[in-house]
Amino acid sequence: MEEEMLQQLRSKATELLLREEWIQAINVYSQLISLCQQNLSKTQQASDPDRLSKIHKSLSLAFSNRAEARSRLRDFDGAIEDCDRALEMEGTHFKALLCKGKILLNLNRYSDASHFFQKALLDNQSNGSSEALQGYLDRCKKLEFQSKTGTFDLSEWVINGFKGKSPELAEFIGSVEIKRSENNGGRGLFVTKNVEAGTLLFVTRAVATGRGILPEPGEDADESARLVMWKDFIDKIVEASMKCCRTYRLICTLSSGGGEEDLGVPDISLFRPEAEEVVFTKEKPEMGKLLSILDVNSLTEDAISATVLGRNKEYSGVGLWILASFINHSCNPNARRLHVGDHMMVHASRDIKAGEEITFAYFDVLVPLRKRREMSKTWGFQCNCKRCRYEEVFGCREELREIETVLEFGGSDKGALVSKLEEWMKKWVTKGKEKGYLRASFWTMYSDVFNSEKSMRRWGRRIPTIGAVAESVAEAVGGDERVMIVFLQNGSARKTAFVVQLAKEVYYQIYVYYNLRGFMFKWILP
Ligand SMILES: C[S@@+](CC[C@H](N)C(=O)[O-])C[C@H]1O[C@@H](n2cnc3c(N)ncnc32)[C@H](O)[C@@H]1O
């Protein structure tokens, strides 16, 4: 009778697993496991070795199948527990080894994953799967190399015009540490050694992302599409927090707004891929806390494929990248982020000295101070970077207000405005760096002029060259692809060294593997 019931549960669970009905499969495997366990204790008392071994086999298979179902639902903690239970009973259980390897690979523990795939490969059940196992081993090797060296080769994807699936990337942490930031009292991310512009600082995968094709702002459907995207994102974060104690504990190291000066400074080792085995106790995620954390730390994403190619402009994404959440904002930043799939690659967009804080822009900084103030207000802070401090003093100059007002209402001759601003800067004896700040604030006005033959014919001799403007703006905000595009289109003398520098500041070294000119002219220029 009992055997019959076990058989029925086994068949039902197998069917659910094949149908990929993971939740139901987990339920039935749980019933099967508890029945097997009851049988096991009875059989142990009756000391029947054949029956005992049969039940062990049944149990380890049930554990490894439940692990598979749990891992498909990204319940990695639960799945690893099940794999370990299966492996306790049968040290070389093929399915449990394979499943544990896949989970560890997903958790960025590449060398641990390799160990399990190798063990699975030795099992005689692996015959039909040896090619797949070799594939996993190759992936582990590639990712382990990336995560240890910070060398990422995106050439194939770049050459194919960023088409298709974005490449699989490892997590990587370079020479950075978390420390208290003098600028805002909270914590910040700092470099531990001198780095050159273009140096990769770290690569981190999002805990979750929400994506959507959003219509133009102002259209009716806009808000509902945005809400759907946010809801999906929040649901995924809550789910990830419930399923993985490590994820929730790492999320809890982030600021939930206010009182940042009292928050602890976590050690960078906590975030390293392959870091483990810290045992985190299970905690029930607090919804209110999670929502406040997301409010302070979520970033909007722009896929490089979309921005570089200028396609999918309406494409939008939001995500939570834990390590990147320690980076404070600056309107005069020294780092940039590139989004490749769910990964964020952060690199220096100018040379940074050891001990200096890393900053990037949370929002578009090629706009005047007043606009930037509005945006930082939505983030709940007032930026006090060098550029904002400088423009705060200059912002009250009537002349700048006049330009802003004229620009707001449109219809003016931008060439005349650029020429006026340049004249005023001469009169105010504005220094090189500060010229860059103001030009960056009025960048759209400059770019319109450089892109208009008519304006250039009329004003060309009275305004600085695109080279001089691009250099000073890049000095103010780090390379920006909009500056690079205008420079490439209009720079009469295309200084290769400057283009290389700009490309490094904007795209770190993804272009290195590809012919630079080819890369620029095929993908950057429309
Ligand atoms: C993503 S977190 C950055 C890390 C944060 N400082 C911490 O200790 O966790 C964003 C928060 O940092 C602070 N912040 C970021 N950039 C800032 C800036 N330029 N000036 C003042 N506060 C800033 C604000 O409190 C903001 O809500």
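Quick check on this structure: which one of Glu239, Glu182, Glu156, Glu216 is more than 16 Å from the ligand (Cβ to nearest atom), at pLDDT below 95, out of contact with any strand residue (DSSP E or B) (no Cβ under 6 Å at 6 or more places or on another chain) and under 30 Å from Asp267 (Cα atoms)?
On the way: Glu182 fails: more than 16 Å from the ligand (Cβ to nearest atom); Glu156 fails: under 30 Å from Asp267 (Cα atoms); Glu216 fails: under 30 Å from Asp267 (Cα atoms).
On inspection, the qualifying residue turns out to be Glu239.
The number of residues in region 242-278 being more than 13 Å from the ligand (Cβ to nearest atom), more than 19 Å from the chain's Cα centre (by Cα) and in a helix (DSSP H, G or I) comes to 3.
So which helices (runs of 4 or more DSSP H) are wholly in region 326-435 and hold at least 1 residues that are among the small types (Gly, Ala, Ser)?
On the way: elements: 369-378, 386-395, 398-409, 414-427.
It comes to 369-378, 386-395, 414-427.
In this structure, does Arg205 turn out to be within 16 Å of the ligand (Cβ to nearest atom), buried (at least 17 other Cβ atoms within 10 Å of the Cβ) and either modelled with pLDDT under 95 or in the same structural domain as Ser316 (by TED's automatic domain parsing) (or both)? Taking the combined requirement at face value, the residue does not satisfy it. From the list Ser41, Ser30, Ser53, the lone residue that is modelled with pLDDT of 90 or more and assigned to a helix (DSSP H, G or I) is Ser30. Residue count for region 120-152 satisfying the condition of being surrounded by 15 or more Cβ atoms within 10 Å (Cβ to Cβ) and more than 26 Å from Arg246 (Cα to Cα): 7. In region 1-25, the qualifying residues are those that are of a type in the set (A, V, I, L, M) and within 19 Å of Ile55 (Cα to Cα), and the one that is farthest from the chain's Cα centre (by Cα) is Met1. Scanning region 363-384 for residues that are within 25 Å of the chain's Cα centre (by Cα) and buried (at least 21 other Cβ atoms within 10 Å of the Cβ) yields a total of 4.
So which of Leu40, Leu59 ends up being within 27 Å of Met242 (Cβ to Cβ) and out of contact with any Pro (no Cβ under 9 Å at 6 or more places or on another chain)?
Details: Leu40 fails: within 27 Å of Met242 (Cβ to Cβ).
Matching residue, one of Leu40, Leu59: Leu59.
The set of residues in region 79-120 that are of a type outside the set (D, E, K, R), part of a loop (DSSP other than H, G, I, E, B) and more than 17 Å from Phe63 (Cα to Cα) comprises Leu107, Asn108.
The values are calculated or read from the model by the stated rules, or taken from the named source; none is laboratory data. The model shown is predicted, which means the values in this text are computed figures rather than measured ones. Backbone-built Cβ (ideal geometry, glycine too); neighbour counts: all protein chains shown.
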